[in-house]
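The next block holds one structure in the form of structure tokens; read it before the comments.
The values are calculated or read from the model by the stated rules, or taken from the named source; none is laboratory data. In this text the structure is predicted, and so the values were computed from the model without any measurement. We place every Cβ from the backbone using ideal geometry, glycine too, and count neighbours over all the protein chains shown.
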Amino acid sequence: MHRNRITVLAALVLGVVFLFGQPAITAAAKGRAAKAARVSNALGLTADQKTKIKAIRADAKTQVAGVNADQALTADAKKAKIKAIRQASIAKVKQVLTPEQQSKIGKGARATKANRAGKIGKALGLTADQKAKIKAIRAAARAQILQVLTPEQRAKMEAARGRKSKKV
């Protein structure tokens, strides 16, 4: 779920940039611009929020370019630094958003995840029984993972997912 939130926020951040008059050259760029407009409208972003998000995105883009240009870094080190930059920019965007807007992003991420799972199940031709079994396997695996973790680790994991920590 955390990854889906990142995806939604990344789409928001990327899309807002296109809302400010940058030309959409390719069909993909036009699609991103349209998606950004939908996200912006759905969240009800103010002009001030759009400006702040644009600045956050520009800063992140500059930082990523610097990491990519650094020949001293290994591919793994670059990947890790870029991931950290993206996570930091997402955190900054979240600070710009109101709690209501953040809630809308969470709901959108859950809907996206459910839609993706539905498409995968449909593409594989899963039966209802198979879907139920897979759901049970995932729940059991999650419970086993939580049992291995310390309370502090569980709390960190749940915080990263944007949930309150659960007792095991």
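Among the residues making up the range 90-106, those that are under 15 Å from Gly44 (Cα atoms) and among the charged types (D, E, K, R) are Lys94, Glu100, Lys104.
Can you say whether Thr112 is among the polar types (S, T, N, Q) and over 22 Å from Ala42 (Cα atoms), as far as the supplied structure shows? Write out each step before concluding.
Numbers: among the polar types (S, T, N, Q): yes; over 22 Å from Ala42 (Cα atoms): no.
Considered against the rule, which asks whether it is among the polar types (S, T, N, Q) and over 22 Å from Ala42 (Cα atoms), Thr112 comes out as no.
Residues of the range 2-52 being out of contact with any Gly (no Cβ under 9 Å at 6 or more places or on another chain), among the small types (Gly, Ala, Ser) and at pLDDT 75 or above, which ones? Once the filter is applied, which keeps residues that are out of contact with any Gly (no Cβ under 9 Å at 6 or more places or on another chain), among the small types (Gly, Ala, Ser) and at pLDDT 75 or above, the range 2-52 yields Ala27, Gly31, Gly44, Ala47.
A quick yes/no check of all residues on (1) of a type in the set (A, V, I, L, M, F, W, C); (2) surrounded by 12 or more Cβ atoms within 10 Å (Cβ to Cβ); (3) within 19 Å of Gly108 (Cβ to Cβ); (4) touching a residue at least 40 places away in the same chain (Cβ under 8 Å):
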site: Arg32; (1), (2), (3), (4): no, yes, yes, no
site: Ala36; (1), (2), (3), (4): yes, yes, yes, no
site: Ser40; (1), (2), (3), (4): no, yes, yes, no
site: Leu43; (1), (2), (3), (4): yes, yes, yes, yes
site: Asp48; (1), (2), (3), (4): no, no, no, no
site: Ile53; (1), (2), (3), (4): yes, yes, yes, yes
site: Gly66; (1), (2), (3), (4): no, no, no, no
site: Thr74; (1), (2), (3), (4): no, no, no, no
site: Ala88; (1), (2), (3), (4): yes, yes, no, no
